[in-house]
Amino acid sequence: MVHDLMNAGERTLRFIVYRQLRNQITQRYFDLLTELERQDLQDVFIDYQREMTVGLLMTELLRHHEERISITDSYFPGKNIRHVNADTQSGMIFTYLVAHNADATLKETACYFGYDKNYFSRLCRRLFNKSFSEQLTFIRIEQIAAELGYKNNSSFFTAFKREVAITPNDYREQHGYRLAHQHINDN
């Protein structure tokens, strides 16, 4: 994934956010890099140590990266997802859906990435282990939870259910039905 982002050929901002970096090896690499940055920038030996430490840090970050990468906070711009790995594909699709969550459709998103909607639907199922619409709903809920100040979805769901006595999905279905029913009666 890091390789895909570095070799995308575009000069656009892109980044990967890692979470749960509590292990001692990772922390020591970060501490060593901090110390090396304080050293003389013209010393070739310090440059070499810095490069080696970055390499070791990246190797450590790649171990169990599935649990450590926060796709919701990372930024994977672009639309050419055909020849990149599954992590980068999911990141690029996720970034697009975050940017277009209000009006994204399966057909338009598939077209953006250059795929048939049926194939793209299967690709999303394979990448996210959920359907396109389920993934879009997940993103919308993530954004709502973040806007309300919750650090994760489970905190939001727990607070919502405690206050309203039903899940956000059940609330939406009930509330959506009432609005649609009211709209029909108003016409």
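Every condition in (1) on the phi < 0 side of the Ramachandran plot; (2) at pLDDT 75 or above; (3) assigned to a loop (DSSP other than H, G, I, E, B); (4) loosely packed, with under 15 Cβ neighbours inside 10 Å is met by Ile81 except one, and the failing one is (4). Listed by first and then second residue, the pairs with beta-carbon distance under 6 Å, at least 6 apart or on different chains, first residue in region 115-132 and closer than 18 Å to His83 by Cβ and of a type in the set (Phe, Trp, Tyr), second open to solvent by less than 90 Å² (accessible area, probe 1.4 Å) and assigned to a helix (DSSP H, G or I), are Phe120/Ala110.
Check whether at least one residue in region 100-119 is modelled with pLDDT under 85, surrounded by 13 or more Cβ atoms within 10 Å (Cβ to Cβ), touching a Ser or Thr at 6+ places or on another chain (Cβ under 9 Å) and closer than 28 Å to Tyr18 by Cα, and report yes or no. No, region 100-119 contains no residue that is modelled with pLDDT under 85, surrounded by 13 or more Cβ atoms within 10 Å (Cβ to Cβ), touching a Ser or Thr at 6+ places or on another chain (Cβ under 9 Å) and closer than 28 Å to Tyr18 by Cα.
Report yes if Thr88 is in a helix (DSSP H, G or I), modelled with pLDDT of 85 or more, out of contact with any His (no Cβ under 8 Å at 6 or more places or on another chain) and surrounded by 14 or more Cβ atoms within 10 Å (Cβ to Cβ), otherwise no.
Values: in a helix (DSSP H, G or I): yes; modelled with pLDDT of 85 or more: no; out of contact with any His (no Cβ under 8 Å at 6 or more places or on another chain): yes; surrounded by 14 or more Cβ atoms within 10 Å (Cβ to Cβ): yes.
Judged against the criteria, Thr88 is not a match.
Scan region 106-131 for residues that are within 19 Å of Ile141 (Cβ to Cβ), outside any loop (DSSP other than H, G, I, E, B) and hydroxyl-bearing (Ser, Thr, Tyr) and the total you get is 1.
Given the condition polar (S, T, N, Q), open to solvent by less than 50 Å² (accessible area, probe 1.4 Å) and modelled with pLDDT under 85, answer yes or no: does some residue in region 26-43 qualify? Reasoning before the result, please.
Of region 26-43, the ones polar (S, T, N, Q) are 26-27, 34, 39, 42.
Going one step further and asking which of them are open to solvent by less than 50 Å² (accessible area, probe 1.4 Å), we end up with 26.
Now narrow it down to the ones that are modelled with pLDDT under 85: 26.
The answer is yes; a qualifying residue exists.
Looking only at region 94-105, which residues are assigned to a helix (DSSP H, G or I) and either more than 18 Å from the chain's Cα centre (by Cα) or touching a residue at least 40 places away in the same chain (Cβ under 8 Å) (or both)?
If we filter region 94-105 for residues that are assigned to a helix (DSSP H, G or I), which is where we start, we get 94-99.
Within region 94-105, Phe94, Leu97, Val98 meet the criteria.
The values are calculated or read from the model by the stated rules, or taken from the named source; none is laboratory data. All figures in this text were calculated on a predicted structure; none of them were measured in a lab. Counting neighbours? That spans all protein chains shown, and the Cβs are built from the backbone with ideal geometry, glycine included. Surface areas here come from the heavy atoms of the whole protein model, side chains and all, with no ligands, DNA or RNA. Shrake-Rupley method; radii C 1.70, N 1.55, O 1.52, S 1.80 Å.
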